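Reading through the structure tokens given below for one structure.
The values are calculated or read from the model by the stated rules, or taken from the named source; none is laboratory data. As the structure is a computational prediction, the values presented were derived from the model and not from experiment. We place every Cβ from the backbone using ideal geometry, glycine too, and count neighbours over all the protein chains shown. Just so you know, the surface numbers come from the protein's heavy atoms only, side chains and all, with ligands and any DNA or RNA stripped out. Shrake-Rupley method; radii C 1.70, N 1.55, O 1.52, S 1.80 Å.
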Amino acid sequence: MQVISFKNTALFKRGIWLTAAALIAFAVTPSALDGSLRQNPLASLFVVGILCTFFGYFLRKTHIHRLADEVTDFDDHLKVRRGRTEATIPLSDIETADVSTSSGIHRITVSLRQSTMLGRQIEFLPQASLWSNLPGVKRVAAGLTDRANHAKADAR
């Protein structure tokens, strides 16, 4: 048994949301403190709208919300948790494991043969020790794909 995902993914995702909330509060606070929010709320709403649009675009492009919180490798299956939802995925159900990079952040995408409660693709951040080591991340993904192919061949 080995955790192959970043151990603080849930904290990382929560930090993104808290950063967005803090920036919105930071943009609105001066207007609220000097009373101009009551006189001209449109100016503050405009700034909040721009910030919300920016964060919406950022979250849509990075797919932070789709990241699995924890992926544990049990040799013959993976246990995946996102929030309170957990799924056990036999290696024979894995089609491929690929590495993608977005904004300098490497992630592993595991494509499944059958859909689970977490979807047909599982995305997760690799362990922090591999973040700057793209060949290492690719080795993890290739190892998963190879083991999945062997498990599929053994199941026949």
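What the table below lists for this structure:
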| item | result |
| --- | --- |
| For the chain, the spread of Cα positions along each principal axis, largest first, Å | 72, 31, 22 |
| The chain - percent of accessible surface contributed by carbon and sulfur, probe 1.4 Å | 58 |
| Area of R120 that stays accessible when all protein chains are in place (1.4 Å probe, Å², to 10) | 130 |
| Calculated SAXS-style log₁₀ I(q)/I(0) at q = 0.16, 0.20 Å⁻¹ - segment 81-156, Debye, Cα scatterers | -0.60, -0.89 |
| Cα-based convex hull volume of segment 15-88 per residue, rounded to whole Å³ | 96 |
| Inter-centroid distance (Cα atoms) of segment 108-156 relative to segment 1-71, Å | 30 |
| Under the span-like rule (Cα at least 27 Å along the axis, Kyte-Doolittle mean at least 0.0), DSSP H helices of the chain | 9-34, 41-62 |
| Per residue value of the accessible surface for segment 112-156 (all protein chains in place, 1.4 Å probe), Å² | 60 |
| Residue order for D34, D73 - accessible surface, 1.4 angstrom probe, largest first | D34, D73 |
| Where M117, M1 fall by accessible area, highest first, once all protein chains stay in place (1.4 Å) | M1, M117 |
| Sparse-neighbourhood loop sites, chymotrypsin sites (Phe, Trp or Tyr not before Pro) in segment 38-74 - DSSP loop, at most 16 other Cβ within 10 angstrom | F74 |
| For segment 7-156: lysine pairs under 24 Å (alpha-carbon distance), excluding those fewer than 8 apart on one chain | 10 |
